[in-house]
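Enquirer: Structure provided below as structure tokens; questions to follow.
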Amino acid sequence: MIRETKATADSFTQVKRLPDKVRTDATTMFSILDAGIVAHVGVVDGNQPIVVPVGYARDGNRLLIHGSSASRLFKLLDSGAPASVTVTLLDGLVLARSLFESSMNYRCVMAFGITHRLEGDDEIEGLRIITEHLMPGRWNHARQPTSQELKATMTLELKLDRWSVKVSEGPPDDLDQDLTSTEGSSLWAGVVPITEQLGIPIPDQYVPSGTPVPDYLKTWGRN
């Protein structure tokens with residue numbers, strides 16, 4: 001059962017810059033996470049912060065990530081290092097009449113917490129969920145991971161208990177003087193949309209000639 005929580009403000013989740021863009025409902029957070037495929041995970045290694053992009057999936061009130069069990073990032077996370085996870089969807093470039101007011105339209109989630117390692121059947125299920133989020137339909141259309149491959153992989157979950165969401169949308173927010181000045185009134189202003197698009201699948205050299213593209217690939221899309 002999904003717990004329909006709201007964001008709780010603390011020193012990390014409270015948004016102080018442009019608070020009008022804050023969204024506090026979990027539904028918005030879930031929709032952003034479900035539309036994205038790459039999360040940037042940050043930890044501190046000694047005195048040095050590091051941020052690494054990883055594939056992920058949302059499963060209810062938790063975020064699942066996986067990577068090499070030998071990687072510095074996953075070793076740190078497995079040791080209990082606090083994590084910061086960011087997912088950003090870029091929707092457009094906003095061209096205002098002044099450079100200062102020009103910006104971007106985006107949807108962004110930041111989540112904080114301590115990750116927990118999944119093992120055994122829980123890890124297999126976690127990997128299936130990640131696979132089906134990134135490549136829907138592929139889990140049952142490829143060889144399953146071997147015990148050695150599982151040993152080389154670490155799968156972690158992050159409970160979505162501490163998070164914040166910002167959404168920036170709409171046209172430029174120009175100053176009144178830029179709208180009425182001679183220079184400003186002659187300038188083009190507006191939004192240049194940014195969209196993700198999946199291309200036509202390209203088979204590799206080992207696919208037998210005439211092998212059809214799997215039907216599930218034809219249903220893939222980006223939000």
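The values are calculated or read from the model by the stated rules, or taken from the named source; none is laboratory data. This is a predicted model, so every value here is computed, not measured. Methodologically, a virtual Cβ is constructed for each residue, glycine included, from the backbone with ideal geometry; neighbour enumeration extends over all protein chains shown.
Enquirer: Consider only pairs whose beta carbons are under 6 Å apart and that are at least six residues apart or on different chains; among these, list those whose first residue lies in the stretch 182-196 and is part of a loop (DSSP other than H, G, I, E, B) and whose second residue is not acidic (Asp, Glu).
Expert: LEU187/ARG97; ALA189/LEU95; ALA189/ALA96; ALA189/ARG97; ALA189/PRO172; ILE194/LEU90; ILE194/GLY92; GLU196/ARG222
Enquirer: Going through the stretch 20-30 one residue at a time, which ones are more than 16 Å from ASN105 (Cα to Cα) and either of a type in the set (Lys, Arg) or surrounded by fewer than 17 Cβ atoms within 10 Å (Cβ to Cβ) (or both)?
Expert: Of everything in the stretch 20-30, those that are more than 16 Å from ASN105 (Cα to Cα) and either of a type in the set (Lys, Arg) or surrounded by fewer than 17 Cβ atoms within 10 Å (Cβ to Cβ) (or both) turn out to be THR24, ASP25, THR27.
Enquirer: Further question on the same structure: Regarding ARG107, is this residue under 30 Å from LEU175 (Cβ atoms), part of a strand (DSSP E or B) and not aromatic (Phe, Trp, Tyr)? Can you show your working first?
Expert: Working: under 30 Å from LEU175 (Cβ atoms): yes; part of a strand (DSSP E or B): yes; not aromatic (Phe, Trp, Tyr): yes.
Yes; evaluated as a whole, the condition is true for this residue.
Enquirer: On to the next question. Return a yes/no flag: does the stretch 64-76 have any residue that is in a strand (DSSP E or B) and over 15 Å from the mean Cα position of the chain (by Cα).
Expert: yes
Enquirer: Exactly one of these conditions fails for GLY210: (1) over 21 Å from the mean Cα position of the chain (by Cα); (2) within 30 Å of ALA83 (Cα to Cα). Give me its number.
Expert: (2)
Enquirer: Residues that are of a type in the set (Ser, Thr, Tyr) and in contact with a helix residue (DSSP H, G or I) (Cβ under 8 Å, 6 or more places away or on another chain): does the stretch 96-105 have at least one?
Expert: Yes, that holds for at least one residue.
Enquirer: Can I ask one more? Of all residues being assigned to a loop (DSSP other than H, G, I, E, B) and in contact with a Phe, Trp or Tyr (Cβ under 7 Å, 6 or more places away or on another chain) in the stretch 116-159, which is surrounded by the fewest Cβ atoms within 10 Å (Cβ to Cβ)? Just the residue, please.
Expert: PRO136
Enquirer: List the pairs whose first member sits in the stretch 65-76 and is hydroxyl-bearing (Ser, Thr, Tyr), whose second member is part of a loop (DSSP other than H, G, I, E, B) and modelled with pLDDT of 95 or more, and whose Cβ atoms are under 9 Å apart, counting only residues at least 6 apart or on separate chains?
Expert: If the second residue must be part of a loop (DSSP other than H, G, I, E, B) and modelled with pLDDT of 95 or more, the pairs left are SER68/ALA152; SER69/ALA152.
Enquirer: Testing SER164 on (1) surrounded by 15 or more Cβ atoms within 10 Å (Cβ to Cβ); (2) in a loop (DSSP other than H, G, I, E, B); (3) of a type in the set (S, T, N, Q), one condition comes back false. Which one is that?
Expert: (2)
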